[in-house]
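So the structure is just underneath, and the comments pick up after that.
Values quoted throughout were computed directly from the atomic coordinates according to the rules given, and no laboratory measurement underlies them. These figures come from a predicted structure and were not determined experimentally. Positions of Cβ are backbone-derived with ideal geometry, glycine not excepted, and every protein chain shown enters the neighbour counts.
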Amino acid sequence: MSEQATPLWEVFIRARNGMSHRHAGSVHAADAEMALQAARDVYTRRGEGLSIWVVPSAAIIANDPDEKGEMFEPTASKIYRHPTFYELPDEVANM
Amino acid sequence: MTDTALFTYCMRLADDSAILSQRLGEWCGHASHLEEDIALTNIALDLIGHARELYTYAGQIEGKGRDEDALCFHRVEREFNNLLLVEQPNDDFAYAIMRQFLFSAFMHPFWEAMMNSKDEQLAGLAAKAEKEATYHLRHSAEWVIRLGDGTEESHNRINNALEFLWMYTGEMFECDEVVSSLVAKEVAIDPMSIKHLWDETVNTVLVRANLERPTESWMQTGGRKGEHSEHLGHILSPMQYLQRSFPQAQW
Amino acid sequence: MYTQALNNPAVEAGVEDEEKLAAFQARIDREEKIEPNDWMPAAYRKTLVRQISQHAHSEVVGMLPEGNWVTRAPSLKRKAILLAKIQDEGGHGLYLYSAAETLGVSREELVDQLLTGKAKYSSIFNYPTLNWADVGAVGWLVDGAAIMNQIPLCRCSFGPYSRAMIRICKEESFHQRQGYDLLVAMMKGTAEQQEMVQDAVNRLWWPALMMFGPSDKDSKHSADSMKWKIKRFTNDELRQKFVDATVPQAKVLGISLPDPDLKLNEETGHWEHGEPDWDEFYNTIKGNGICNKQRMKDRIKAHEDGAWVREAAQAYAAKQAAKKSAA
């Protein structure tokens with residue numbers, strides 16, 4: 001195969017103001033403007049978005065899933081970070 | 001009383017959109033990559049939307065009970081009043097993009113100005129169409145730039161398309177008695193009033209695309225009077241075939 | 001279904017670490033989703049790449065039979081609906097290619113596999129669309145059959161595939177309806193229109209049933225896919241669901257289905273049906289369908305004609321990048 005690969009971009013869309021951008025999918029495009037247009041044409045055909053981010057897929061840094069233990073397990077034992085850890089006297093209905 | 005000028009004006013605009021969307025529809029499933037396939041179809045869908053509104057409105061003005069489909073599918077070549085530019089074939093992607101660019105560079109300021117039309121229907125449509133045309137212009141202009149300043153092959157192809165299509169751009173600025181009578185009523189706009197905007201867009205984009213603007217030359221005319229290139233008949237034949245073969249049928 | 005060719009035994013079992021395999025299977029059994037960077041058996045990866053890419057190819061080739069009617073749609077409304085629908089298929093192909101790419105294979109490689117004939121796509125798209133009612137019948141029967149398969153795929157164990165399918169199912173909900181709506185309109189019309197509908201259904205009914213793949217007794221290796229929760233129902237189960245859902249709709253439409261063996265089993269509540277012509281099925285998969293060669297020719301032409309466009313976009317991007325770094 002001789003053809004050079006067209007870069008991959010990740011597409012993030014804000015559905016409504018007040019919400020954060022969410023990953024919608026990806027597109028191929030040679031440059032940022034074309035990626036933005038492709039994202040608009042592909043991922044907002046049904047009024048799904050008010051704002052689009054495109055990010056070169058290669059620019060995303062991800063943790064190694066094998067590091068899951070050191071990265072995410074230490075947090076499991078800190079149950080005091082959650083409100084349900086604390087018992088309220090019956091007289092106090094909400095807090 | 002039927003407003004013949006307004007009817008004709010709407011039909012011209014409707015035919016432009018209908019014929020260009022038919023041309024764009026030919027790409028569906030055949031574009032260079034999926035992203036562009038989807039983009040071209042989006043433009044086609046916008047234009048079908050304009051055509052439907054304009055035909056429907058024209059039918060109401062005419063008052064003979066013709067709906068959008070009667071007007072689109074039951075007229076012959078000589079009754080179509082679209083610009084010659086929009087019926088030009090998809091020789092390659094460069095032709096399709098240059099055709100879209102030259103047209104959208106006009107339609108963008110056109111709809112913007114039409115938002116002030118005294119005709120409420122047209123002003124309403126313009127408000128929606130203006131946004132769509134802005135995007136069509138952005139999309140096609142960015143491609144013109146990339147093809148013009150891409151490879152030697154793409155440069156040659158887009159340049160060929162520019163040189164071929166240029167002679168069809170004069171028609172957009174024609175102002176016959178239909179247009180001038182509506183300009184007087186502030187229903188239509190004088191196309192010459194937005195010529196400087198079209199020039200500015202075209203010049204800017206062509207410079208960025210390393211393309212030379214063709215010298216002012218002989219401009220083709222005839223579309224608005226139903227005198228077309230040979231292509232139109234071949235566009236209408238498949239387009240109208242079912243309506244013509246089964247005139248009693250509803251679809 | 002869109003991945004019928006998977007029904008050929010495919011994945012050679014490599015040597016995998018037993019412990020990792022067991023842990024992986026335990027995750028699947030707990031209904032955990034597998035994400036691209038997670039450890040997975042090579043066979044799982046390979047099955048997914050094949051299945052997702054075949055699904056993607058089917059969407060893209062599937063644009064062609066309906067595209068056959070874009071310029072001839074009989075009203076502006078129908079033309080808009082048809083374009084929007086075909087556009088969705090393109091979008092679905094794109095989402096699926098993206099999902100496959102998370103497994104480390106590029107879009108260019110996947111497209112190359114299709115165009116060189118290494119990859120398969122659904123047999124249904126090798127049948128021609130011969131009259132306008134075919135557009136409706138494709139929506140009603142072909143998309144209807146596809147939905148049966150795609151809804152369970154939303155729960156597929158591989159995260160990106162499952163997410164793509166959720167998006168696809170959401171968008172596709174109008175596809176079957178528009179097809180049925182088109183047919184209903186024609187059935188209310190002239191005798192000629194009604195004949196077109198019956199003709200379309202007569203031709204597309206059996207190919208639609210074949211979309212679910214061979215009968216379970218001949219489908220050798222769904223086992224792995226079931227174990228890995230890529231697939232959750234067998235071919236025959238899905239086919240039966242489809243027939244049960246469709247027969248009453250045919251009745252409402254007022255057309256007959258071309259199967260003399262079709263009858264309701266009062267006890268089970270299922271519609272019993274005849275056997276599709278499996279010889280025709282295998283031949284169509286092998287490339288002997290009436291449109292196989294044409295479909296590939298069209299895809300190759302679009303790809304080759306578009307090469308200079310893709311190259312131009314890349315050349316421009318490279319020039320801009322060079323200018324930027326020089327500045």
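Below are the figures for this structure:
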| quantity | calculated |
| --- | --- |
| Neighbour count of at most 10 Cβ within 10 Å plus DSSP loop: longest trypsin sites (Lys or Arg not before Pro)-free window in chain A | A:17-77 |
| Projected-area mean, the protein assembly as shown, by convex hull of Cα positions, square nanometres | 38.9 nm² |
| log₁₀ of I(q)/I(0) at q = 0.07, 0.11, 0.17, 0.18 Å⁻¹ - chain B, Debye sum with one point per alpha carbon | -0.22, -0.57, -1.39, -1.55 |
| Given chain A, longest segment not containing exposed loop GluC sites (Glu not before Pro) (DSSP; at most 10 other Cβ within 10 Å) | A:1-86 |
| Peptide C:64-71 - average C-beta neighbours from other chains (10 Å radius) | 5 |
| Chain A: angle of helix A:32-43 to the longest principal axis, Cα-based, in degrees nearest 10 | 70 degrees |
| Relative contact order (%) - chain B, alpha-carbon pairs under 8 angstrom, separation at least six | 25 percent |
| Charge dipole magnitude, Cβ of K and R +1, D and E -1 - segment C:16-324, Cα centre, debye nearest 20 | 1280 debye |
| For segment C:243-323, radius of gyration divided by Kirkwood radius, i.e. Rg to Rh on alpha-carbons | 1.37 |
| Extreme residue, positive dipole direction of segment C:16-324, given options C:F125, C:A191, C:G91 (C-beta unit charges) | C:G91 |
| In segment B:58-138, the chymotrypsin sites (Phe, Trp or Tyr not before Pro) that fall in loop regions by DSSP, at most 14 other Cβ within 10 Å | none |
| Of C:T129, C:T268, C:T47, the one that fluctuates the most in a GNM where chain C has Cα springs shorter than 10 Å | C:T268 |
| Relative contact order %, chain C, counting alpha carbon pairs below 8 Å whose residues are six or more apart | 21 percent |
| Inter-centroid distance (Cα atoms) of segment A:42-71 relative to segment B:80-137, Å | 36 Å |
| Cleavage-rule hits, chymotrypsin sites (Phe, Trp or Tyr not before Pro), chain A, DSSP coil, Cβ neighbours within 10 Å at most 15 | A:Y86 |
| Among B:F93, B:L54, B:Q22 the positive-end extreme of the charge dipole of chain B (Cβ point charges) | B:L54 |
| Out-of-range pairs (alpha-carbon distance over 21 Å; input B:K128/C:K170; C:K77/C:K188; A:K78/C:K20; C:K85/C:K118) | B:K128/C:K170; A:K78/C:K20; C:K85/C:K118 |
| FRET efficiency, B:D190 to B:N160 (Cβ-Cβ, R0 25 Å, nearest 0.05) | 0.20 |
| Which of B:L102, B:L147 has the fewest Cβ neighbours within 10 Å, and the rest in rising order | B:L102, B:L147 |
| Trypsin sites (Lys or Arg not before Pro) lying in DSSP loop within segment B:100-197, provided at most 14 other Cβ fall within 10 Å | B:K118, B:K185 |
| Chain A, relative contact order [Cα under 8 Å, separation at least 6], % | 26 percent |
| Extent along principal axes [Cα atoms of segment A:6-83; Å; largest to smallest] | 46, 30, 15 |
| Inter-label distance, nm, simple model (7 Å from Cα along the C-beta direction), A:R14/C:E19 | 4.8 nm |
| Part-to-part distance (alpha-carbon centres) for segment A:26-41 and segment C:156-230, which is given in Å | 31 Å |
| Listed residues B:N81, B:N42, B:N159, most fluctuating in chain B (Gaussian network, C-alpha, under 10 Å) | B:N42 |
| Over segment C:16-324 - Rg/Rh using Cα atoms and the Kirkwood inverse-distance radius | 1.00 |
| Number of partner chain Cβ atoms within 10 Å, mean per residue of B:144-156 | 5 |
| A:S57-B:R138 FRET efficiency (beta carbon distance; Förster radius 25 Å; 0.05 resolution) | 0.55 |
| Extreme residue, positive dipole direction of the protein assembly as shown, given options C:P160, B:G148, B:M107 (C-beta unit charges) | C:P160 |
| Nearest-20 debye value, the protein assembly as shown charge dipole, Cβ charges on Lys, Arg, Asp, Glu | 300 debye |
| Within 10 Å of each Cβ in C:104-111, the average number of Cβ atoms from other chains | 3 |
| Over the protein assembly as shown: helical MRE at 222 nm, DSSP H runs n ≥ 4 each giving -39500 (n - 2.57), nearest 500 | -18500 deg cm²/dmol |
